[in-house]
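The values are calculated or read from the model by the stated rules, or taken from the named source; none is laboratory data. A quick note: this is a predicted structure, and the numbers were derived from the prediction, not measured. We place every Cβ from the backbone using ideal geometry, glycine too, and count neighbours over all the protein chains shown.
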């Protein structure tokens, strides 16, 4: 598959997206070869030769128009096939979200990414939230990312996951994915967000589920320790 | 392959069928108005969609005085009437009447702008500036753009009035007044659309 | 001028002695105005092309100073990208394809002495001059030049602190407003002229296709630009008056701009495409010596495409955050637009079939445009599919796709038109060898520049990235940028034969006859170049424009106003 050749996809729906791209690719290349072939063939075959006159063909009668309308009907059939394939894939990626195992809040701003996890209580906004520089997720599980922006429109694009979603300031948009392969994958902001748009790089770290849990517990513990140290420091100064 | 000769034999040199049998200036003006309709239409459509989505903006809208709006509506409608009367006058070659009705039209147009300025002043003094929120952003933009078009119409009508006074209007007076009248009626129609949208809203509960 | 020519047999030429200023600077003659539009378009193409050079060199060798310019700062890069797009769409494509060719061809091809409103015409081109100056100024004012992309999405474009551009974007908006006014005025002129001033016998079904295309494009522009005018006023007011249209924190909505922009933006690409396709459809019959295939089918397809273009805009917004349920209907409509264009493409190919093809420079450019546009057309399907667009949106695939539609039509099609009508416009013949060289260089280097960018797109490369080395996944794609840049440099240098040809031929080319191509349409009955007022006598049209190689007629062409006796063979 064409996109797979360039960059392998590692989510549960990347194959579906790649399949649509590939279907269009095969049809596009096929039509191009036929049409370009005809252009070249006709140009050569019907070049001006002495004593040979062009034919007076207007394309006004149905018999002659058929030569155009039948291929057009064929093109329509191809189009409808593409529509059908695309509809299902779109529904999967952008339609009703499957229930999440992990939810992360993603804050995009000029020109960096911040990822917020719930604290020990499992809830957001209770003061125990973890703010991370990389998006850690478990492999093989559904992850929801709640996308928000502090300033302008950004875009959360993870090429390897085949996931792309614009982020609008003033709204929270939830996207989902299920990464199949552990590894580190890049996030590239894909909506012009200012002069340093090119530098708005992020990372998705996909771990085996046990490793993810270990990481999360460690981060929470470290945060709790730091909070305690801060409180005692203030008490000490009080 | 058989060639279709029949349709390519000589056709008699017939009169061209004009798509519409209107003088060029009127065709042009209707095309111009089509473009203007898309500009105002775009603004109005956005206003309506966002107003519905936001739940009506009844609070904000209650600060717009429907009585003042009604006065302006009457002023503008009357000015359309006087414009029609000016056109009727030019058709029966009543030059004095033309000047009279044109002058009244211009005066009413200026009155409209005056009332608008009075309104804007009142709003701003109360703190309802364009930056106060979506309703006010739309209000100032829609009425402001309309007022700009009213100003344009006043300029055109004033030029025609001056031409009438100097005596240079009459060569193509009917066409000119027709075109200017069409434009002025369009400006009026836009206001008739804006008036209920901006001024007549449900009472805040 | 409200002249209704059907009642006038002999055109009254008003011969005022014309000073240099009134003949060249303040001309109301549609032919001079057309050349003024052409001059603006070609000069701005130089500026846009220079931007392209800078952008491409930065991309191929990021971080290194660019020969002839120096080091490109990140802020400057986005300004160059923005200006390149704005200039090419609004100050090159529209001036050349609509302003120049619409103005030049419409009166001549309908047998009229000039446009319906010559002074309004002069005002249109002068408004464009002023708009161009305002745009140039926007690059020179304090604060950054416009740098929010030619698409100018807020809040980036609405809040100076986010973009760094204060006066720059304000002037950009003003330049666009003036440009829109210019083409609104022009459009009114074109459509009124075509409706009211056709020569006797020239029914709509005998109009040359390029005239159909020019007036359809003008009408489409007129209908679609309104909402963007509204939206641009709103953006300017957000910037200078503090309105809240696009400010989310005060109830505004950034998506509003996108809807208004693309409601215009999509029809706009057909506003650009249709005139170019029209010109190709004039050139094909002449150099295949055969009627344009499917005249009526093409006209119906054009109207359908124009109508459809108004209801597909959100295919630019699939992942924008708009309701995802809107994506599938827009995707279906978008993919359907390929149908009327397929009719046009197949009709052009069918015109070659059983022709007697002459490979003149205009024909070569037309074939080059057709071939390249095939790629542009099929790659549009990828982006019209909402699912494929999840991966390809805002990537180099998009950049390659639109260059494969716009460049073939605007430049290859535009060059085809310039060479074809050069004898009529300037009364001289251009140099064929230089013309053919120009075509080969343009075609080869164009493909070399943009095919690699499809590859980059398949690899996920986002567009508008100043420094590709920042991402690991982009590093394997870097060699595509290097190839593309060599292509771009070749493409720019390959325009030199054209510049030489244009000026040398204008000055000392061989004198052109009235109808060097033996073409049927009415402009070839007027002298080369036509005088003020165009025609000595009003032509009387008796046939359509594409009677080439008519059986029973000795010549392989029959002009639209020529009466002949035809021996009709018994049918069947």
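Table for the structure above
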item: Candidates C:315, C:266 - the one that is more than 17 Å from residue C:183 (Cβ to Cβ) and in a helix (DSSP H, G or I); result: C:315
item: Matching entry among A:35, A:23 (being under 17 Å from residue C:378 (Cα atoms), buried (at least 18 other Cβ atoms within 10 Å of the Cβ) and more than 7 Å from chain C (Cβ to nearest Cβ)); result: A:23
item: Residue in segment A:76-83 that is under 23 Å from the mean Cα position of the chain (by Cα), within 16 Å of residue A:163 (Cβ to Cβ) and free of Cβ contacts under 8 Å to residues at least 24 places away in the same chain present; result: no
item: Residue count, segment A:9-48 (criterion: in a loop (DSSP other than H, G, I, E, B) and either closer than 19 Å to residue C:345 by Cβ or modelled with pLDDT under 95 (or both)); result: 1
item: Residue within segment C:267-290 that is within 7 Å of chain A (Cβ to nearest Cβ), buried (at least 20 other Cβ atoms within 10 Å of the Cβ) and touching a helix residue (DSSP H, G or I) at 6+ places or on another chain (Cβ under 9 Å) present; result: yes
item: Residue count for segment C:352-399, restricted to those that are within 8 Å of chain A (Cβ to nearest Cβ), touching a helix residue (DSSP H, G or I) at 6+ places or on another chain (Cβ under 8 Å) and more than 20 Å from residue C:495 (Cβ to Cβ); result: 23
item: First in segment C:107-118 and on the phi > 0 side of the Ramachandran plot, second anywhere and part of a loop (DSSP other than H, G, I, E, B) and surrounded by 24 or more Cβ atoms within 10 Å (Cβ to Cβ), Cβ under 6 Å, 6 or more apart; result: C:111/C:539
item: Residues of segment C:144-164 classified as free of Cβ contacts under 8 Å to residues at least 60 places away in the same chain and facing another protein chain (nearest Cβ under 7 Å), total; result: 3
item: Residue match in segment C:359-377 (condition: crowded, with 24+ Cβ neighbours inside 10 Å and over 22 Å from the mean Cα position of the chain (by Cα)); result: no
item: Candidates B:177, B:113, B:182, filtered to the one that is out of contact with any strand residue (DSSP E or B) (no Cβ under 9 Å at 6 or more places or on another chain), in a helix (DSSP H, G or I) and farther than 25 Å from residue B:41 by Cβ; result: B:177
item: Criterion (part of a helix (DSSP H, G or I) and at pLDDT below 95) met by exactly one of B:159, B:192, B:154, B:165; result: B:165
item: Criterion: over 25 Å from residue C:27 (Cα atoms) and free of Cβ contacts under 8 Å to residues at least 24 places away in the same chain - qualifying residue of C:85, C:70, C:63, C:75; result: C:70
item: All helices (runs of 4 or more DSSP H) inside segment C:344-414 with 3 or more residues being touching a strand residue (DSSP E or B) at 6+ places or on another chain (Cβ under 8 Å); result: none
item: Segment C:320-329 - residue that is outside any helix (DSSP H, G or I) and facing chain A (nearest Cβ under 7 Å) and, of those, nearest to residue C:273 (Cα to Cα); result: C:320
item: Any hit, segment C:306-319, residues being crowded, with 22+ Cβ neighbours inside 10 Å, within 26 Å of residue B:38 (Cα to Cα) and either free of Cβ contacts under 8 Å to residues at least 12 places away in the same chain or within 10 Å of chain A (Cβ to nearest Cβ) (or both); result: yes
item: Output for segment C:423-435, where each listed residue is assigned to a helix (DSSP H, G or I) and farther than 17 Å from residue C:413 by Cβ; result: C:423, C:424, C:426, C:432, C:433, C:434
item: First in segment C:247-258 and at the interface with another protein chain (Cβ under 7 Å from one of its Cβ atoms), second anywhere and surrounded by 21 or more Cβ atoms within 10 Å (Cβ to Cβ) and assigned to a helix (DSSP H, G or I), Cβ under 6 Å, 6 or more apart; result: C:251/B:134
item: Sole exception among (1) in contact (Cβ under 8 Å) with a residue 40 or more places away in the chain; (2) surrounded by fewer than 22 Cβ atoms within 10 Å (Cβ to Cβ); (3) at the interface with chain A (Cβ under 8 Å from one of its Cβ atoms) for residue C:332, by number; result: (1)
item: Hits in segment A:170-194 - residues which are at the interface with chain C (Cβ under 7 Å from one of its Cβ atoms), more than 15 Å from residue A:9 (Cβ to Cβ) and either surrounded by fewer than 20 Cβ atoms within 10 Å (Cβ to Cβ) or modelled with pLDDT under 95 (or both); result: A:170, A:171, A:173
item: Filter result for residue C:514 (over 26 Å from the mean Cα position of the chain (by Cα), away from chain A (no Cβ under 14 Å) and surrounded by fewer than 17 Cβ atoms within 10 Å (Cβ to Cβ)); result: yes
item: Verdict on residue C:160 being more than 24 Å from the chain's Cα centre (by Cα) and surrounded by fewer than 24 Cβ atoms within 10 Å (Cβ to Cβ); result: yes
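Results for (1) part of a helix (DSSP H, G or I); (2) more than 7 Å from chain C (Cβ to nearest Cβ); (3) in contact with a strand residue (DSSP E or B) (Cβ under 7 Å, 6 or more places away or on another chain), shown as yes or no for each residue.
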| site | (1), (2), (3) |
| --- | --- |
| A:54 | no, no, yes |
| A:59 | no, no, no |
| A:63 | yes, yes, no |
| A:71 | yes, no, no |
| A:76 | yes, no, no |
| A:80 | yes, yes, no |
| A:89 | yes, no, no |
